[in-house]
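**Q** Take this structure, written in structure tokens, and hold onto it; I'll ask about it next.
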Amino acid sequence: MAKKLALAIGQAAREVEVREIDDGSLMLVLDGIEHSVDLKRIGEGPLYELILDHHATEVLLQREGQGVRTIVGADSFLVTKRRAGAGGIGDEEAQEGELTVQSPMTGVVVEVLVQAGDVVAKRDSLLVVQAMKMNNEIRSPTAGTVKTVHVAVDANVDQGAPLVTIELGNAGAN
Amino acid sequence: MTDVSPPFRKVLVANRGEIALRVVRGCRDLGVESVAICSEADQAAPHVRYADESYTIGPAEASESYLAIEKILDVARRSQAEAVHPGYGFLAENAEFARACTDAGLVFIGPPPAAMEKMGSKLEARRTLQAAGVPLIPGTVEPVRDPSEAERVAREIGYPLLIKASAGGGGKGIREVNDAEELPRAIANAQQEARAAFGDDAIYVEKLLRPVRHIEVQLIADHQGQIVTLGERECSIQRRRQKLIEEAPAPTMTPELRMRMREAARKVAEACDYVNAGTVECLVYDDDQFAFLEMNTRLQVEHPVTEMVWRVDLVAEQLRVAAGQPLTFTEDDLTMRGWAIECRVAAEDPYQGFLPSTGTVHHYREPAGPGIRVDSGLYDGMIVGVHYDPLLAKIIARGLDREQARRRMLRALSEFRLLGLQTNVPFHIAMLQDPNFVAGAIDTDYVERTVHLTIDDRPDHTDIAALAAASFLQRNGASAGTPGRDQGGPAAAPDPWVQRSRGQQGLMAGWRRN
């Protein structure tokens, strides 16, 4: 008997049809494609061998709140069941008019090269963050105008800390 | 048969990670007891587990633990260690630490402090070696204090050039300058980085030679005056002067150039009265020209490739030499055989310009099999943060020839399993299959001018996560915490690097590049 599962995987959404097969394995249908799946727990912990279309790979699966913490390779997802009829979760948010550059690492700001109002091109240097004794130039991922500089020289920044907000636009050209 | 009497009774290993484990293992092979030190962040690390004794000496910050000289000497006293092995990094090239060990009645397993200082100051090294007749990279042998002085030198040797910290090393404190306009800012930046990293802001100017290969000569010398050079290592696969892949021998080496480089390395060792293991790094250009880059007065990260093809144990020899014993071999006893390649597995994201990655190691299994050696500090539950160097493990593949070593390395990389943390393994897989790498046509800028992976290459695991979680929910129902019903099944040869599914292509299609 087939069962349909509507899942939210982080910001993405997927619908999976699940069928039990006589040999104890599962047949899952995703985007119209059938996959044979077997899931074997390794030991007593959260480690599983996922045998997907006859290829085995290790995954971590663990209850977390209402969902399942799922770790595949370097990626960690919280997978939750969506209620039937609930509005879909979009794969992408609408493009905003501005973009905030976050610190890719924990470190110290040693140089700020832009100020509010500056027009920047894609790949222009914005500031320098020192981590592990290396100076890392943080470059603009986009062309635009600097709206806000969130940090000053000597500021300690965590990974993900906002550094510079840029209003998108072609003023900086290419 | 070599002398089997242990060179020491007990050795303290003043390091962490894979190199601490390497030294602990080297000690045990000689019947020497080992003492591990660790920070509070490393108490479950393998070097602690496999040492005979361990002492927690402070918090995660290196300045409070692995760099805390007094705490380390205190552990040496309490454990009654006779000698200290510094590994690489941390205190390995700190002459003050070497002297403090000697003053405390301990043997420092490394070169004499005077040799360390002579080579540690890049400028003093340049002056010494100029006198010894070792070829140098064009540039200054005295410190450059201001932009106008640098500009004058630049007019002589021409752009592009490098601003280097005299106290630098391992790629730190270096700035590239392409024209006069960039010079003042580069000097200020280099001075600042040098002051922060080394407490010494003396800088100098060198011509930026390109294209060049980074090729280095391993040597080891004993107190009896014997210097043995152990051929070369090719280390041109590097990024921002951090090495990523090393091999021995160098693919383009000729017997004639090898002989000249080994001779120069011997001169370097003689010029600074060197004892113990060290490496003379050179730049090779115009096919058969080379120039001295720097000497590393310690065991290096990439020492295993030399051990593989020369069939020696460098750590064991370091211990013997430090104890005053002669080397167990002469240069004539040894021949190089086969090929070895090393890949440095680091906590860096190759899909995003090698940004440092952090996280928890939820599951780790290392490769093995014919011709594979893994030196690793990884363990399940390890939290990889920003306190230490991003190097996690080294995979070394040995073969009868380069192609066999390369294929074995690709196999080993495909077996490397790590859940929860992005590593640079996908970069290594791409590079090992790069036609220019396969042909040996590489130089030190190759990695930076060749984009191997971008964010678009990052495998999308969303579908696999959906299928895994759906299976988990199906097996465990709605009730939380119910163990899954175990299902047997054949385990095919796995490949963890999964690409986004395209059309009818299987979701588990392996990582392929060509």
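**Q** Can you confirm whether B:Asp434 is out of contact with any strand residue (DSSP E or B) (no Cβ under 8 Å at 6 or more places or on another chain), more than 22 Å from A:Val129 (Cβ to Cβ), away from chain A (no Cβ under 14 Å) and surrounded by fewer than 22 Cβ atoms within 10 Å (Cβ to Cβ)?
**A** In short, yes.
**Q** Restricting attention to the range B:438-460, which residues are under 17 Å from B:Gln242 (Cβ atoms) and either away from every other protein chain (no Cβ under 14 Å) or over 23 Å from the mean Cα position of the chain (by Cα) (or both)?
**A** Within the range B:438-460, B:Ile442, B:Asp443, B:Thr444, B:Asp445, B:Tyr446, B:Val447, B:Arg449, B:Thr450, B:His452 qualify.
**Q** If you don't mind, another one. Among the strands (runs of 3 or more DSSP E) contained in the range B:352-405, which hold 2 or more residues that are of a type in the set (Ser, Thr, Tyr) and surrounded by fewer than 21 Cβ atoms within 10 Å (Cβ to Cβ)?
**A** none
**Q** I've got another one for you. Pull up the range B:414-431, narrow it to residues that are at the interface with chain A (Cβ under 10 Å from one of its Cβ atoms) and in a helix (DSSP H, G or I), then point me to the one that is surrounded by the fewest Cβ atoms within 10 Å (Cβ to Cβ).
**A** My answer is B:Pro426.
**Q** Going through the range A:26-53 one residue at a time, which ones are assigned to a loop (DSSP other than H, G, I, E, B) and either within 7 Å of chain B (Cβ to nearest Cβ) or within 19 Å of A:Ala6 (Cα to Cα) (or both)?
**A** Answer for the range A:26-53, where residues must be assigned to a loop (DSSP other than H, G, I, E, B) and either within 7 Å of chain B (Cβ to nearest Cβ) or within 19 Å of A:Ala6 (Cα to Cα) (or both): A:Asp31, A:Gly32, A:Asp53.
**Q** Now, a different point. Does B:Val321 count as surrounded by 19 or more Cβ atoms within 10 Å (Cβ to Cβ) and under 23 Å from B:Gln43 (Cα atoms)?
**A** No, not satisfied.
**Q** Still on this model: Being facing another protein chain (nearest Cβ under 7 Å) and over 17 Å from B:Gly381 (Cβ atoms) is the filter here; which residues of the range A:62-74 pass it?
**A** A:Arg63, A:Val68, A:Thr70, A:Val72, A:Gly73
**Q** A further question follows. Checking A:Glu58 against (1) at the interface with chain B (Cβ under 7 Å from one of its Cβ atoms); (2) of a type in the set (Asp, Glu); (3) assigned to a loop (DSSP other than H, G, I, E, B): exactly one of these is not met. Which one?
**A** (3)
**Q** Just need a number here: residues in the range B:192-233 that are without any contact (Cβ under 8 Å) to a residue 40 or more places away in the chain and not hydrophobic (A, V, I, L, M, F, W, C).
**A** Residues in the range B:192-233 being without any contact (Cβ under 8 Å) to a residue 40 or more places away in the chain and not hydrophobic (A, V, I, L, M, F, W, C): 8 in total.
**Q** Between a first residue in the range B:406-424 that is at positive phi and a second residue that is of a type in the set (Ser, Thr, Tyr), which pairs have beta carbons less than 6 Å apart while being 6 or more apart in sequence or on different chains?
**A** B:Gly420/B:Thr360
Residue-wise test of (1) modelled with pLDDT under 95; (2) out of contact with any Cys (no Cβ under 6 Å at 6 or more places or on another chain); (3) under 30 Å from B:Ala271 (Cα atoms); (4) assigned to a loop (DSSP other than H, G, I, E, B).
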residue: B:Glu18; (1), (2), (3), (4): no, yes, no, no
residue: B:Arg28; (1), (2), (3), (4): no, yes, no, no
residue: B:Ser34; (1), (2), (3), (4): no, no, no, no
residue: B:Cys38; (1), (2), (3), (4): no, yes, no, no
residue: B:Ala76; (1), (2), (3), (4): no, yes, no, no
residue: B:Arg99; (1), (2), (3), (4): no, yes, yes, no
residue: B:Thr102; (1), (2), (3), (4): no, yes, yes, no
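**Q** Scan the range B:64-80 for residues that are within 17 Å of B:Val11 (Cβ to Cβ) and crowded, with 23+ Cβ neighbours inside 10 Å and jot them down.
**A** Passing the criteria: B:Tyr66, B:Ile72, B:Ala76.
**Q** Select from the range B:33-63 the residues that are more than 22 Å from the chain's Cα centre (by Cα), more than 21 Å from B:Leu319 (Cα to Cα) and among the hydroxyl-bearing types (Ser, Thr, Tyr) and list them in ascending order.
**A** Across the range B:33-63, the qualifying residues are B:Tyr55, B:Thr56.
**Q** Quick check on A:Val59: is it at pLDDT 95 or above, touching a strand residue (DSSP E or B) at 6+ places or on another chain (Cβ under 7 Å) and either surrounded by fewer than 17 Cβ atoms within 10 Å (Cβ to Cβ) or closer than 29 Å to B:Asp380 by Cα (or both)?
**A** For A:Val59, the condition - at pLDDT 95 or above, touching a strand residue (DSSP E or B) at 6+ places or on another chain (Cβ under 7 Å) and either surrounded by fewer than 17 Cβ atoms within 10 Å (Cβ to Cβ) or closer than 29 Å to B:Asp380 by Cα (or both) - is met.
**Q** Does B:Ala150 satisfy being touching a residue at least 24 places away in the same chain (Cβ under 8 Å), out of contact with any helix residue (DSSP H, G or I) (no Cβ under 7 Å at 6 or more places or on another chain) and crowded, with 19+ Cβ neighbours inside 10 Å?
**A** The answer is no for B:Ala150.
**Q** Additional query: What single numbered condition from (1) more than 26 Å from B:Gly110 (Cα to Cα); (2) more than 14 Å from every other protein chain (Cβ to nearest Cβ); (3) among the aliphatic types (A, V, I, L, M); (4) surrounded by fewer than 24 Cβ atoms within 10 Å (Cβ to Cβ) fails to hold for B:Ile227?
**A** So the condition that B:Ile227 fails would be (1).
The values are calculated or read from the model by the stated rules, or taken from the named source; none is laboratory data. Keep in mind it's a predicted model, so treat the numbers as computed, not measured. FYI the Cβ positions are ideal-geometry reconstructions off the backbone, even for glycines, and counts take in every protein chain you see.
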